[in-house]
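First comes the structure, then the notes that go with it.
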Amino acid sequence: MDAPFSLSLELSDHASYNELYDRIEKPLLFLKDANVASKNFNDWRKAGLWFDDASEKRTWTKLNLEQYIWLKMIQQLRQLGCSTDLIQKVKQQLIVPLGVEELFNTYKEELLKKTRKMPLRPEEKAELLNSFENEEFIQSLKETEEGQRAIKSLTKIRSILLNALVLHQHVAVLIFPDGTVVEWLDEILQIDPNAGQLLKRTHLYLSITEHLMEFLIDPDKESFISPLQLLTEEERQVLSALRDKTLKEVLITYTKDPKTKKETKHLITTKDGEMPADDEQKILDILLNKKYHGFELKRRNGNRFYFERQTHREL
């Protein structure tokens, strides 16, 4: 079964592509941030597992987000005992630039189907569908500086990151014994119910989202949250309250049914500021993947803070 390939349709605005590419391409992280020794990195590079950049010879390489994620994947595959040959096959599918026009033509029907299900205003949806039908979308990519940049540097691993950062989905890759790589998203079974058959085959599941979650969980990586724009300022306040043990309770509001706008609420309490690890992990996942309508924090000193995905106010 061919893997459904997902272009981030919300990024039809080229300026959005540009901003996101700046975020993904900015060198921020060192090898130590990935817990990878220089010797291991140099060995993997000599084995042909790293990006094909002959000018990159420094042992103190500073990594952008895309490189960081790939390095963590190499590390995991090595830990799982995967051969150099298998990792090279995975590399060829994940970090080699894609032929966007060929991909678009191959998955055009799937993209149209996905677009029809998107919660857009009728006129926006019609405009987007028309741009796919008459291939204006691809043509506009070719004719603009931002579009050319998107085409030139789009890899499958970058496409996966875009889905994580824009669509806020749990994303991963499935790797099969022959080296075939399949992108996995929260919504993949909605796009193609038959994709569930892939899970019945022997495979490795490597989560991409867990590496993004590390920036929230590990205090030493917290400084990268702002440049990567993983959380808003309001969401950062939740993280800070979890860190300094000042929370008494958290009330999370979800929009349960997008059609009826019916909401449901979930209350999480602490004991002297201490929160069970499972609850803390749940809150961080909700923040990272924007799975909420509103957050109300009650601090131990009695102060309250409420915010929604677009607005916030002090109580």
What are the residue pairs meeting all of these: first residue in region 37-51, first residue in the same structural domain as Gln92 (by TED's automatic domain parsing), second residue modelled with pLDDT of 95 or more and small (Gly, Ala, Ser), Cβ atoms under 7 Å, and 6 or more apart or on different chains?
none
Could you look through region 116-142, keep only residues that are in a helix (DSSP H, G or I) and among the hydrophobic types (A, V, I, L, M, F, W, C), and pick out the one that is modelled with the highest pLDDT?
Ala126
Confirm whether Pro258 is modelled with pLDDT of 90 or more and over 29 Å from Leu28 (Cα atoms).
no
How many of the residues in region 89-115 are among the basic types (Lys, Arg), in contact with a Leu (Cβ under 8 Å, 6 or more places away or on another chain) and at pLDDT below 75?
1
Could you check, for region 294-309, whether at least one of its residues is polar (S, T, N, Q), modelled with pLDDT of 90 or more and crowded, with 16+ Cβ neighbours inside 10 Å?
no
Suppose the filter is over 22 Å from the mean Cα position of the chain (by Cα), acidic (Asp, Glu), surrounded by fewer than 16 Cβ atoms within 10 Å (Cβ to Cβ) and modelled with pLDDT of 65 or more; does Asp22 pass it?
no
Single unsatisfied condition, Ala172 versus (1) of a type in the set (Gly, Ala, Ser); (2) within 20 Å of the chain's Cα centre (by Cα); (3) in a helix (DSSP H, G or I)
(3)
Would you confirm whether any residue within region 163-176 is modelled with pLDDT of 80 or more and more than 25 Å from Leu65 (Cβ to Cβ)?
yes
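The values are calculated or read from the model by the stated rules, or taken from the named source; none is laboratory data. No experiment lies behind these values; they were computed from the predicted model shown. Glycine also receives a Cβ, built like all others from the backbone with ideal geometry; neighbour counts cover every protein chain displayed.
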